[in-house]
Structure formats: C-alpha cells, structure tokens
Ligand SMILES: [Zn+2]
C-alpha cells in the first residue's frame, strides 16, 4: 500500500467540507459482479454494437421478449453482498466525511451497504418500472422472477415492465442533480472508474478544470490521471479505503 499517497488523501479529505465520491465498476467487481467492459464482460465478448442494439429502448419497445431473454442471461446478478469498499463509504457518510455518491453501477450495492445519498445515474437493475406513463408502478426482482410469462406485466394496469435501468436511447437519471453534486464538490473521490463513459466522465472533467482536489483510486489508468492531485493505482479498493478511514479516525478528522 502506498502510505505516502494515503497520508496525502487523509489530509485532503480531513480538511474538506464537501467530499463527493464517484464510483464505477471497479468497486463492484470486488463484490463479485463482473465488469461489463472488462476482459470477460459482455461488451468485450459480444461487441459494443451488438450489445447496444439489444440494450436499447427501441429494441425493447419492439420486442420485449427478446430483450428479457438477453437481460436474464447477462444482466441478472446473483444475490451478492456489498464489498468492503461499499461498506466503508457508507461508514464515511455516517461520520460526515462523505456527502454523497454518484455511481455508474446498476447493482444497488451502495444502498444495500447503507449509503443514503446516492445518485445511480444508470438506474438500478433489480427494480422494474411499469412503462405505462400514467402508472409507473415499481416492482422488485421477486415479482419478475415469479412472473409466469417471459415479459412481466404490471398487475395494476397490464403495462409492460422494464428494468429500471437506463437503456441506450434513454436519458440518464438525475442528470442535473448529478452534475450539480459533482461540480459543487470541494473534493472529488473517484473510485473504480476509468472515466471513459459520458456524461459522468464529462462532469468529472468539468470539476477538474476548475478545482484541483481530484483523488483517483483505480486499477489501471484513467482519462484524468494527469489532473489528479493523488492517484492510487492497484491494490484492493476496500483495503485502501479502510486504511484512509482508519487514519482519519486516528487524526480526529
Ligand atoms: Zn402499471
């Protein structure tokens, strides 16, 4: 572990009144969730275009059965528990060291770990929403798993249910709230994201243009390494965050 870098992070976070975390796939792979864009991820295996053509709102509207087939095969997560990193971030929020999280992940693990202020800009995969605009009732995974047909329907209005995730062709959720949260941060802590997916990467870039306190914890390089005050590469993210949190306790931050 790079104790020098960790000491620097502790110091910066300790003096920040408004630290926001931005999290990506790297934090959830430590909980056992595959990185869709990693070596064995579906984007790599099937190709970006094929995935985009299926995980697409127009494709969904045209043929929800085919979509659900694909979704069950590639996007249903086994019931996993939050990783150590998720738990430490939740603890940091309780201790006032973190004001919120903007995540690209759709696994709902931040909420499961107890984090309260979370903006999941790509939605949450184990939640389903009725497509009937007048209804928009929400359903959980159990309802869909136990539904007796390939395409689950709303029990109130018979509308088609869609996973409450942002498909290609749809707008991200809470766009302006996410942008506002990131650009008004005093310190931005990026964890487990290579910052290649827009618009999130753009928000972080915007932050780094005007402010200096960007901290990146990620295995491998990111698009904004050059702009980071501290970059911690490699090692287990949970262990790194645990050490940061522990040192903040010790120093009374
Ligand atoms: Zn409905």
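Most fluctuating residue of 170, 91, 30 in a GNM of the chain with Cα springs under 10 Å: which is it?
Largest GNM mean-square fluctuation: 170.
Of 70, 36, 210, which has the largest mean-square fluctuation in a 10 Å C-alpha GNM of the chain?
210
Using only Cα atoms, find the angle between the long axis of helix 237-250 and the longest principal axis of the chain, and express it within 0 to 90 degrees, rounded to the nearest 10.
40 degrees
If you rank 198, 68 by fewest surrounding Cβ atoms within 10 Å, what's the result?
With the sparsest Cβ surroundings first, the list reads 198, 68.
Determine the percent antiparallel among the DSSP beta bridges restricted to the chain, to the nearest 5.
About 30 percent, rounded to the nearest 5.
Using the alpha-carbon atoms, what tilt in degrees (0 to 90, nearest 10) does helix 3-14 show relative to the longest principal axis of the chain?
80 degrees
Residue 170 versus residue 81, label points 7 Å from Cα toward the beta carbon: distance in nm?
For the pair residue 170/residue 81, the computed spacing is 3.1 nm.
Suppose each label sits 7 Å from its Cα in the direction of the beta carbon; what would the residue 242-residue 177 distance come out to in nanometres?
Spacing of the two 7 Å Cα→Cβ label points: 3.2 nm.
Would you kindly state how much longer the chain becomes between residue 94 and residue 137 on full extension, computed as 0.36 nm times their sequence separation minus their alpha carbon distance, in nm to one decimal?
Gain on stretching residue 94 to residue 137: 12.4 nm.
Restricting to DSSP H runs of at least four residues, report the calculated mean residue ellipticity at 222 nm for the chain, -39500 (n - 2.57) per run over all residues, nearest 500 deg cm²/dmol.
-11000 deg cm²/dmol
Would you mind computing Rg(Cα) / (2.2 N^0.38 Å) for the range 34-76, counting N as its residues?
Against the empirical 2.2 N^0.38 Å value, I get 1.13 for the range 34-76.
Show log10 I(q)/I(0) for the range 124-165 at q = 0.21 Å⁻¹, two decimals, from a solvent-free Debye sum over equal Cα scatterers.
With no solvent term, the Cα-only Debye profile gives -0.54.
May I ask for the angle, rounded to the nearest 10°, between helix 84-94 and the longest principal axis of the chain, with both axes built from Cα atoms and the value confined to 0 to 90°?
That helix lies at roughly 70 degrees to the long axis.
In which sequence would 75, 203, 168 go, from the one with the fewest C-beta neighbours within 10 Å to the one with the most?
Going from least to most buried by this count: 168, 75, 203.
What is the fewest-to-most order of 200, 250, 138 by other Cβ atoms lying within 10 Å of their Cβ?
Sorted ascending by nearby Cβ count, the order is 250, 138, 200.
Could you work out the relative contact order of the range 34-76? I mean the mean sequence separation of Cα pairs under 8 Å and 6+ apart, divided by the number of residues, in percent.
21 percent
Based only on Cα atoms, what Rg/Rh ratio does the chain have, Rh being taken as Kirkwood's radius?
My calculation of the ratio gives 0.99.
Please work out the Cα convex hull volume for the range 105-241 and give it in Å³ per residue.
Convex hull of Cα atoms, per residue: 143 Å³.
Evaluate the relative contact order of the range 124-165 (contact order divided by residue number), counting alpha-carbon pairs under 8 angstrom at least 6 apart; express in whole percent.
52 percent
Can you give me the C-alpha center-to-center distance between the range 147-174 and the range 1-75, rounded to a whole angstrom?
Here the two parts' Cα centres lie 20 Å apart.
Rule-based calculations on the coordinates, nothing more; no lab input. Since this is a predicted model, take the numbers as computed values, not measurements. Don't worry about glycine lacking a Cβ; one is built from the backbone with ideal geometry, like all the others, and counts go over all protein chains shown.
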